[in-house]
Amino acid sequence: MKQIDVHIVSKTIDISLDGKIVKIITHFSTGRQGHLTPRFDHGQIDPKLRFASYFSHTYKDKNGKDAAMPFALFFKDGCAFHAGNPDLPSHGCIHLQMDDAHWLYDWCGHDPVGVSIKDD
């Protein structure tokens, strides 16, 4: 079983396969005040909402265009893991560096992937 565990306070994302960690990501951002990333124990990557190229229908970039969300993997309430500025808080998504987002997107593939997001 593939699993992604996000630890908000300790700033780590543990990515595991059959209980063994295959990658740890430490450079990412989560939701800002008023747009916090949802917390939950037993979620999953939505199998129908995985896009190598995706543009937000809600948020705009600095030029007024739909904001790009490369390598988007949606998990809950319209929030996703995707490439973005990992030093800038999001509107609830988890911003990853481009290479980490691309790796995670490829690793997830079309397989079932569990997700937990906790404050620990």
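All of the numbers you see were taken from the coordinates with simple rules; none came from a lab. Keep in mind that this is a model prediction, so the values were computed, not measured. Every residue, glycine as well, gets a Cβ built from its backbone with ideal geometry; the counts of neighbours run over all protein chains shown.
Packing-wise, with mean Cβ within 10 Å as the measure, how do 88-97, 46-55 rank, highest first?
Details: 88-97: 20.2, 46-55: 13.3.
So the order, starting with the most tightly packed, is 88-97, 46-55.
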Take the cross-link list Lys11/Lys60; Lys2/Lys65; Lys20/Lys62; Lys20/Lys60 and give me the ones stretching past 32 Å between alpha-carbons.
Lys2/Lys65; Lys20/Lys62; Lys20/Lys60
Indicate, rounded to the nearest 5 percent, the antiparallel portion of the DSSP beta bridges found entirely in the chain.
70
Rg and Dmax of segment 2-118, using alpha carbons, in Å: what are they?
13.1, 43
Charge dipole magnitude, Cβ of K and R +1, D and E -1 - segment 2-118, Cα centre, debye nearest 20:
260
Round to the nearest 0.05 the FRET efficiency obtained for Asp41 and His91 when R0 = 35 Å and r is the Cβ-Cβ distance.
0.95
Angle between the Cα long axis of helix 98-108 and the longest principal axis of the chain, 0 to 90 degrees, nearest 10?
50
Suppose each label sits 7 Å from its Cα in the direction of the beta carbon; what would the Lys62-Asp77 distance come out to in nanometres?
2.8
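For the pair Leu49 and Met1, what calculated FRET efficiency results from E = 1/(1 + (r/R0)^6), where r is the Cβ-Cβ distance and R0 = 25 Å, to the nearest 0.05? Don't skip to the answer; put the middle values down first.
Numbers: r = 20 Å, r/R0 = 0.78.
After rounding to 0.05, the efficiency reads 0.80.
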I want to check the label-to-label distance for Asp119 and Lys11. Put each point 7 Å from Cα in the C-beta direction and report it in nm to one decimal.
1.9
Going 7 Å from the Cα of Lys23 toward and past its Cβ, which residues in segment 51-83 have a backbone nitrogen under 16 Å from where you end up?
51-53, 70-74, 81-83
